[in-house]
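Notes follow the structure.
All of the numbers you see were taken from the coordinates with simple rules; none came from a lab. This structure is a prediction, so every number in the text was calculated from the model and none was measured. Cβ atoms come from the backbone with ideal geometry, glycine included; neighbour counts cover every protein chain shown.
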Amino acid sequence: MISVAKGRAIRVQSWLIGLVSVGLSAPIAIAAPPKLPSGPTNYDDFIAKIGVFAGWMYGILMALGVVFLLYAAFLYLISQGSDERISTAKKVLIYAIVALVVGVLAGSISKLVQTWIAG
């Protein structure tokens, strides 16, 4: 008997939570949509937006490169002398270094192209 009552209580509780969440989200759904940001209106704005995008991609690539360097170090630490695990750690390390080099080159090429286009 206790388990049946407990099951009913859980069903009622989950039904009430669903009802409250729908009731609270209704004003959000009815509200006016947010104003979309304006796009570039001239050439300089376009170049600036490309620069912001390139900066974000550069930062993300550098962060991922560092994460994979740490992952390679972790793989090497837990390899316990196994040749297969050590070779996997070396491969990840090489790929992480290549990603960092590509990221640095991409960032510098982006700046070079921006200065070349801007004049």
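Brief remarks on what is shown
- Each residue in 87, 110 was given a count of other beta-carbon atoms within 10 angstrom of its own, and listing them fewest first yields 87, 110.
- Full extension of the chain segment joining residue 74 with residue 112 gains 10.1 nm, where the gain is 0.36 nm per residue of separation less the Cα-Cα distance.
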